[in-house]
Amino acid sequence: MRRLLQVVAALVAAFVLAPIVVVVVASFSDGAVPQFPPRTWSLRWYAHAIGEAAFTDAAWNSAWLAVIATLLATPLALAAAFAIVRGRFPGRQALQAFLLAPLFVPAIVISLAILVAMARLGVRDVGLRLVGAHVLVTFPYLVRTIIASLTRFDLGLEEAARTLGAHPLRGFLLVTLPLIRPGVIAGMLFALIVSFDNVSVSLFLTSARTNTLPLAILNYVEYNFDPSVAAISTMLVAVSLAAALLIERAVGLRRVVGG
Amino acid sequence: MAEVTLTGLTKHYGAARVVDAVSLSIASGEFITLLGPSGCGKTTTLRMIAGLAAPDAGRISLAGADVTGLPAHRRNIGMVFQSHALFPHMSVAENVAFGLRMRGLARGPRAERAQAALERVHLGAFGARLPAQLSGGQQQRVALARALVFDPHVLLLDEPFGALDRKLRELMQDELRDLTRRIGITAVFVTHDQEEAMILSDRVAVMNAGRIEQIDTPEAIFERPATRFVADFMGFGNIFDGHAANGTITAGGLCLRAAPPGPADGAVQVALRAERIALAAADTAGAENAAPGRITAATYHGTLTTYRMAPDNGGPELLVREASAGGTRFAPGARVVASWPAQAVRVLTG
Ligand SMILES: Nc1ncnc2c1ncn2[C@@H]1O[C@H](COP(=O)(O)OP(=O)(O)O)[C@@H](O)[C@H]1O
Ligand SMILES: [Mg+2]
């Protein structure tokens with residue numbers, strides 16, 4: 001039984017990882033089209049990708065967008081998680097479900113909703129639209145990880161700080177925050193990845209002049225089929241992997257992804 | 001002068017009155033224990049003194065000043081929790097210095113005083129460790145040092161040794177008693193363990209369902225309980241409803257003579273400590289109280305052996321506890337005579 005499970009797990013992993021492996025290997029092709037395995041190996045499509053302004057500009061946009069959206073969403077998520085975990089008001093469960101809803105609603109529905117809302121609010125600036133939308137998309141990931149760390153936090157520690165003379169705010173800063181910090185950091189890394197990877201929401205909001213990296217890639221493959229896209233994708237995989245490792249170091253990935 | 005005064009302190013959770021008009025005056029330097037079964041409101045009372053829970057009615061004063069409305073962080077109270085509540089991300093020294101830091105003391109003197117406090121609990125060499133690197137007993141010592149380092153008005157302790165094994169608990173009780181006496185601090189201790197209360201306290205307040213049933217010295221509580229609840233909680237073992245006439249109490253088939261002055265005539269409740277009853281195989285002439293009967297159960301506990309005896313004249317069984325002397329002396333069915341001094345018959349008031 002155990003062996004069987006291991007075999008199944010290995011097959012699933014292979015199935016999931018195979019396309020990525022193909023892309024990574026093909027990115028080192030020398031020819032004009034991606035080959036698997038490459039007949040001759042080269043890094044020239046990496047150079048080409050990095051030299052392509054459409055990619056580098058979009059990469060900067062995506063990076064800035066991810067950082068700004070995460071920094072804006074984090075304090076909001078902290079406040080929301082606090083209200084849900086510590087609050088004593090009716091409908092806390094409902095509020096939690098509502099705040100986590102973007103995780104479960106189809107991305108295309110959310111994207112459309114944001115587009116309509118932005119139009120109604122008269123937000124014309126593409127940058128503002130993107131930041132607003134990405135705050136919304138990253139927010140539930142942050143709320144979820146912060147709720148998880150707050151739920152585990154021992155309230156007795158805050159009470160101890162108060163009896164020792166700490167104003168509640170000071171107790172929060174000196175005791176609560178340091179102890180939930182791993183969860184907050186993990187949530188922020190998650191939010192960065194989610195924002196950086198996002199296609200569906202950005203697709204509705206970007207313009208010809210302001211693009212994000214995933215959309216730039218999408219545009220590029222419409223007209224070109226050279227290995228530079230594989231090179232870009234490989235670099236993205238590397239960055240995501242690094243982030244996942246950081247999360248693992250901070251709290252353990254299982255806590256963030258699972259329950 | 002009273003250091004801590006509680007007046008009519010009352011607290012509800014939902015419809016339940018968890019603390020019910022508790023009034024208590026604690027002298028400076030006094031060690032008081034709130035003793036009672038789980039759920040009787042001890043922790044809630046302590047939390048109200050600390051400012052962690054707000055009373056629905058009543059007043060709390062500390063060193064003559066009314067602090068009822070004062071938030072916890074401005075009360076200058078030291079508290080030790082059952083779960084020790086040490087900050088896991090701070091070193092032992094930082095934990096102990098926390099209260100001084102909150103009071104604005106500079107780093108240098110802070111470290112010095114924290115070190116002195118740690119030495120007082122025999123942990124002078126452990127300042128650099130994290131709490132998780134200490135044993136349970138050491139953690140509670142750190143919690144004690146942390147609660148005392150800023151010279152609080154009063155020290156509150158909520159079942160601090162509940163999680164420790166028996167040997168360690170006894171050691172910690174001795175240390176706590178010595179330390180609190182030495183520095184002369186006023187202390188309120190909470191426990192459900194009557195022996196712990198006896199060992200530590202100047203006075204014990206026995207609580208039942210949110211009320212203080214009796215407050216007195218450990219000896220008085222143990223020897224002269226006022227109410228049925230206290231007698232039961234102090235392990236008297238024999239509590240009877242009876243009727244008094246001319247100084248003699250009848251309870252079922254038992255006839256009990258109390259020491260003068262006896263109870264007024266009418267219905268009474270009496271308590272008789274199980275250890276004060278002696279069992280003999282033959283009649284014991286000259287006993288103030290004696291009842292012949294038959295052993296119905298014998299249980300060997302190690303240090304003690306307990307017997308149940310059914311008196312020949314009927315009525316309630318007697319519980320007898322005696323020091324085991326080489327094993328069980330009587331088997332079930334054995335005929336015995338139980339006897340006890342009049343002085344051991346305790347007439348209860350409620
Ligand atoms: N925060 C609370 N909410 C609701 N009920 C509580 C709360 N704290 C304590 N209680 C109830 O109040 C009663 C007394 O509790 P407590 O003071 O902790 O008793 P003790 O410390 O003597 O065991 C218990 O029945 C307990 O369930
Ligand atoms: Mg308690």
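The values are calculated or read from the model by the stated rules, or taken from the named source; none is laboratory data. Everything numeric here is computed off the predicted structure, so don't read it as measured data. Backbone-built Cβ (ideal geometry, glycine too); neighbour counts: all protein chains shown. Keep in mind that these areas ignore ligands, DNA and RNA; they rest on the heavy atoms of the full protein, side chains included. Shrake-Rupley method; radii C 1.70, N 1.55, O 1.52, S 1.80 Å.
Residue-by-condition table, conditions (1) at pLDDT 95 or above; (2) open to solvent by 30 Å² or more (accessible area, probe 1.4 Å); (3) of a type outside the set (Asp, Glu); (4) over 27 Å from B:ILE183 (Cβ atoms):
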site	(1), (2), (3), (4)
B:GLU3	no, no, no, no
B:LYS11	yes, no, yes, yes
B:ALA15	no, yes, yes, yes
B:ILE26	yes, no, yes, no
B:GLU30	yes, no, no, no
B:LEU34	yes, no, yes, no
B:LEU46	yes, no, yes, no
B:GLY51	yes, no, yes, no
B:ILE60	yes, no, yes, no
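Give region B:103-119 a look and list any residue that's in contact with a Phe, Trp or Tyr (Cβ under 8 Å, 6 or more places away or on another chain) and within 10 Å of chain A (Cβ to nearest Cβ), or say none.
B:ARG103
Could you identify the single residue in A:THR210, A:THR234 that is hydroxyl-bearing (Ser, Thr, Tyr), surrounded by 15 or more Cβ atoms within 10 Å (Cβ to Cβ), away from chain B (no Cβ under 14 Å) and touching a Ser or Thr at 6+ places or on another chain (Cβ under 6 Å)?
A:THR234
Please go through region B:259-272 and pick out each residue that is surrounded by 14 or more Cβ atoms within 10 Å (Cβ to Cβ) and modelled with pLDDT of 85 or more.
Across region B:259-272, the qualifying residues are B:VAL268, B:GLN269, B:VAL270, B:ALA271, B:LEU272.
So, in region B:73-101, of the ones that are within 16 Å of ligand 2 (Cβ to nearest atom) and more than 8 Å from chain A (Cβ to nearest Cβ), which residue ends up least open to solvent (accessible area, probe 1.4 Å)?
So, considering only residues that are within 16 Å of ligand 2 (Cβ to nearest atom) and more than 8 Å from chain A (Cβ to nearest Cβ), the one least open to solvent (accessible area, probe 1.4 Å) is B:VAL80.
Out of all the residues in region B:22-50, which are within 15 Å of ligand 1 (Cβ to nearest atom) and either at positive phi or of a type outside the set (A, V, I, L, M, F, W, C) (or both)?
Listed by number, the residues that qualify are B:THR33, B:GLY36, B:PRO37, B:SER38, B:GLY39, B:GLY41, B:LYS42, B:THR43, B:THR44, B:THR45, B:ARG47.
Select from region B:109-137 the residues that are more than 21 Å from B:GLN173 (Cα to Cα) and among the polar types (S, T, N, Q) and write down the one among them that is surrounded by the fewest Cβ atoms within 10 Å (Cβ to Cβ).
The extreme case among them is B:GLN133.
Of these, A:ALA14, A:ALA66, which one is within 23 Å of the chain's Cα centre (by Cα) and either in the same structural domain as A:ASN224 (by TED's automatic domain parsing) or surrounded by fewer than 16 Cβ atoms within 10 Å (Cβ to Cβ) (or both)?
Within the list A:ALA14, A:ALA66, the selection yields A:ALA66.
So that you can scan it fast, the table gives a plain yes or no per residue for (1) touching a residue at least 40 places away in the same chain (Cβ under 8 Å); (2) crowded, with 18+ Cβ neighbours inside 10 Å; (3) among the small types (Gly, Ala, Ser); (4) outside the structural domain of A:LEU215 (by TED's automatic domain parsing):
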{"site": "A:VAL8", "(1), (2), (3), (4)": "no, no, no, yes"}
{"site": "A:SER27", "(1), (2), (3), (4)": "yes, yes, yes, yes"}
{"site": "A:GLY31", "(1), (2), (3), (4)": "yes, no, yes, yes"}
{"site": "A:HIS48", "(1), (2), (3), (4)": "yes, no, no, yes"}
{"site": "A:ILE84", "(1), (2), (3), (4)": "yes, yes, no, no"}
